[in-house]
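The structure appears right after this line, and notes come after that.
We did not get these values from a lab; they are worked out from the coordinates using the rules stated. Keep in mind the model is a prediction, meaning the values are calculated, not measured. Glycine also receives a Cβ, built like all others from the backbone with ideal geometry; neighbour counts cover every protein chain displayed.
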Amino acid sequence: MTARILIKNLSALDDGPVSVSGWVETVRDQKKVQFVVLRDESGAVQLVNPRNSDADGVVIADEPATSISSLSQGSFVTVTGQLKHDERVKLGGIEIKLAGLEIVTLAIPETPIAADSSLDKRMDWRFLDLRNQKQNLIFRIQTTFEHALRTYWIENDFIELHTPKLMASASESSAELFEVEYFDTKAYLAQSPQFFKQMAQSAGFGKMFEVGPAFRADPSFTSRHATEFTSIDSEISWIDSHEDVMALHEDLLVAAFTAVRAKHGDEVKALFNVEVTVPTKPFPRIPLAEAKEIVKQHGYEVPRDDDDMDPEGERRIAAYVKETYGHEFVFLTDYASSIRPFYHMRHEGDASLTNSYDLIFNGTEISTGAQREHRIDVLVEQAKEKGLDPEELGEYLDFFRYGVPTHGGFGMGLARVLMLMLHQASIREVTYLFRGPTRLVP
Ligand code: AMO
């Protein structure tokens, strides 16, 4: 295989012979001249083929003219020709005068989706939907984002782990749990690496991270829930409180947003009309009770007083933070113990509150983090209080019985971050292949 020239790199070449590959976006098959717009993952270029005529001026059916006439939108081709810089060409100021055209595969002419197709229809034909430039950019941004997180983790001595996704019990709550047959017993799909990332602390790993799948049997059809999503998890030992987890979280997001802005900021502006802003540290922090009070003063009452912030409340507090501090992120802290899992550490002296937070970005939750309870007696009490049978927690409790440092961490939905960064209306737009209650294909 010879090295392929990406279309975006053509403009840096001098006029002369080139060969490029891609798929056909449009064909204008005119009598005297044929135009093809060819696209690859990096951009598009115009191909031109002036048609030959005989002595009487009758157009001849020669090559590559005949092949061009047979081209349908979406066909994959490799072309050779003469690259020419010409300022008059609207598409990038270059064109390729065709010498040869090899049709690799001809596409069925009727494309099943169009730009105005419904989201669901586009999901049915996801591989065609993804040929669009904006979609392509989303996944390049995802790559840069993850790479920057990994660079941070690796430079700071974190260990990357791949924890099992088949489990003997629930990892978050018995609701939203997928059960699978496992030989002559049952297994459950991991809702989070929660227990195993805590185990790494007892194993003496100090600092760990994982980017991997998480499953939730959530039957809802909201724009921010999927039944399978990529979870970004990190857990660290020897913390004083959830403040240390938030500081790590800030560092990671600053590193990742810096990388995305540097590499894709201009393209994001051009294609999505969105400015990628690198957040400043420290991110604003507001205790949850105070946040509810603020939105109430601004005319919105969160439905149930003892409950979590609802989506409208999240939007309202984010709008307040944006206006007051000019920040797109806010940590809501000190959640009530009643709405947090048993493994969250509670405040010293006030067991009704936890050392925990949710991170809101552009109006929606992207993450939950906390200091974990590491004292076995307190942990068992908290589990019992939540109606959990310590027996069922099995070896999870052993991690604490055999010694564990103070620790904490967070879980963050990758698609949530991308959706909010790019101001997309649905998590489906930024998930390569979305899984929901009624979607298992493609
Ligand atoms: P939590 O359940 O809040 O916490 O999940 C953490 C983050 O994961 C993302 N997320 C989802 N994304 C898409 N679809 C879903 N159905 C979905 N559910 C969750 C969100 C959410 O903020 N173990 C804890 C984390 C921890 O304490 O370390 C946990 O899983 O972005």
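Here the Gaussian network model covers the chain, with springs between Cα atoms less than 10 Å apart; of Asp308, Asp157, Asp62, Asp62 fluctuates the most. Per-residue Karplus couplings for segment 327-336, computed as 6.51 cos²θ - 1.76 cosθ + 1.60 with θ equal to phi - 60°, are listed in order as 10, 8, 10, 8, 8, 8, 10, 6, 5, 5 Hz, Gly and Pro entered as x.
Only helices enter this figure: runs of n ≥ 4 DSSP H residues, each worth -39500 (n - 2.57), summed and divided by the residues of the chain, yield -9000 deg cm²/dmol at 222 nm to the nearest 500.
Relative contact order of segment 275-368, please, whole-number percent, based on alpha carbon pairs below 8 angstrom and at least 6 residues apart. Before the final figure, lay out the partial values.
Details: 150 pairs, mean separation 26.2, N = 94.
It comes to 28 percent, rounded to a whole number.
Highest mean first, the peptides 144-155, 362-373, 174-185 sorted by other C-beta atoms within 10 Å per residue fall in the order 362-373, 144-155, 174-185.
By how many nm would the segment from Asn156 to Lys31 lengthen if fully extended, with 0.36 nm per residue of separation less the alpha-carbon distance?
Gain on stretching Asn156 to Lys31: 38.6 nm.
Listed by Cβ neighbour count within 10 Å, with the fewest neighbours leading, Glu41, Glu391, Glu293 appear as Glu391, Glu293, Glu41. Normalised by the number of residues in segment 99-198, the mean separation of alpha-carbon contacts (under 8 Å, six or more apart) gives a relative contact order of 17 percent. Computed over neighbours whose Cβ is under 13 Å from that of Glu228, the net charge equals +3, Lys and Arg +1, Asp and Glu -1.
List residues of segment 265-295, by number, whose backbone nitrogen lies under 18 Å from a label position 7 Å along Cα→C-beta of His423. Under cut-off, by backbone N: 265-279.
Which loop chymotrypsin sites (Phe, Trp or Tyr not before Pro) in segment 190-255, with loop taken from DSSP, have no more than 12 other Cβ atoms within 10 angstrom of their Cβ? Please report the intermediate quantities before stating the final value.
Working: sites: Phe195, Phe196, Phe205, Phe209, Phe215, Phe221, Phe229, Trp238; in loops: Phe205, Phe221, Trp238.
Answer by residue number: Phe221, Trp238.
Return the whole-Å distance between the Cα centroid of segment 284-319 and the Cα centroid of segment 244-270. Here the answer is 26 Å between Cα centres.
When the Cα gyration tensor is reduced to axis lengths a ≥ b ≥ c, the ratio a/c is 1.5 or higher for segment 1-143, and with a/b not above b/c it is classed as oblate.
Using a cutoff of 8 angstrom between alpha carbon atoms and counting only pairs six or more residues apart, the relative contact order for the chain works out to 13 percent. Think of the chain as a dipole: +1 on every Lys or Arg Cβ, -1 on every Asp or Glu Cβ, centred on the Cα centre; then among Val37, Ala270, Ala107, Val37 lies furthest on the positive end.
Measure out, as a whole number of angstrom, how far apart the alpha-carbon centroids of segment 375-442 and segment 105-147 sit. About 30 Å separates the Cα centre of segment 375-442 from the one of segment 105-147.
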